[in-house]
Amino acid sequence: MIFWILLGVIVLAVVWVITMYNGLVKLKVRVEEAWADIEVQLKRRYNLIPNLVNTVKGYATHEKELFENVTKARANAMNAQGVEEKGKAENMLSGTLKSLFAVAENYPNLKANENFLSLQADLTDTEDKIMYSRRFYNGNVRDLNTKIQIFPSNIIANSFGFKMREMFEVENAEERKAVEVKF
């Protein structure tokens, strides 16, 4: 009788470990999927920026420094590694894009240009998708980090080497504001 009770306890313990491990793996995969969603939207953003810059360049030829800054910020964002570095680079890129749109306000013909308006709408749509992807990612990171820290799942997480993940955050309140473009 004691053998069967002991066997039952061992089986329950094994099932519990497997369930906890699988739950952690599921959360880890969701975090990775969410990060991939962010990467897709950022790539879309990176592809739109050269077209936008070239459109504005045709109207604002004397804004060379601004175009160089946008191009440099885009390159830095594309080459950034890790969540924290990527976040800082994206914040810098957002700031240079705000400057680009501010310059565009001074050119009435540009503001009426169909290509510019289309690119602006695409970029706004992409910014919204980045925001949603960031929220999805951060929600999954929150769930994973919580599971890694709470008892008893923290025992399994530590035993199998699960690591906490960083949130993808905007650095300061100024950068949290949406890009505002007035025409």
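Taken together, the values in this text are just the output of simple stated rules run on the coordinates, not laboratory data. In this text the structure is predicted, and so the values were computed from the model without any measurement. As a convention, Cβ positions derive from the backbone with ideal geometry for all residues, glycine included, and neighbour counts pool all protein chains shown.
Side notes on the structure shown:
- Placing R0 at 22 angstrom, the Cβ-Cβ distance between ILE2 and ILE155 gives a FRET efficiency of 0.25 after rounding to 0.05.
- Modelled FRET efficiency - R0 25 Å, ASP143 with LYS43, Cβ distances, 0.05 increments: 0.45
- Label-to-label distance for LYS64 and SER118 is 3.1 nm, based on points extended 7 Å past Cα in the beta-carbon direction.
- The chain, Cα convex hull volume normalised per residue, Å³: 110 Å³
- Note that region 13-30 has calculated 3J(HN,Hα) couplings of 5, 5, 4, 4, 4, 4, 4, 4, 4, 4, x, 5, 4, 4, 5, 4, 5, 5 Hz, one per residue in order, obtained from phi through the Karplus relation 6.51 cos²θ - 1.76 cosθ + 1.60 (θ = phi - 60°); glycine and proline are x.
- Close Lys-Lys pairs in region 1-95, where close means Cα under 23 Å and separation is 8 or more or interchain: 10
- Residue among LYS86, LYS64, LYS129 with the largest mean-square fluctuation in a Gaussian network model of the chain, springs linking Cα atoms under 10 Å: LYS64
- For a label point 7 Å along the Cα-to-beta-carbon line of ASP125, residues of region 24-44 with backbone N under 19 Å: 37-44
- Rounded to 0.05, the FRET efficiency of the TYR107 and MET167 pair, given R0 = 35 Å and the Cβ-Cβ distance, is 0.35.
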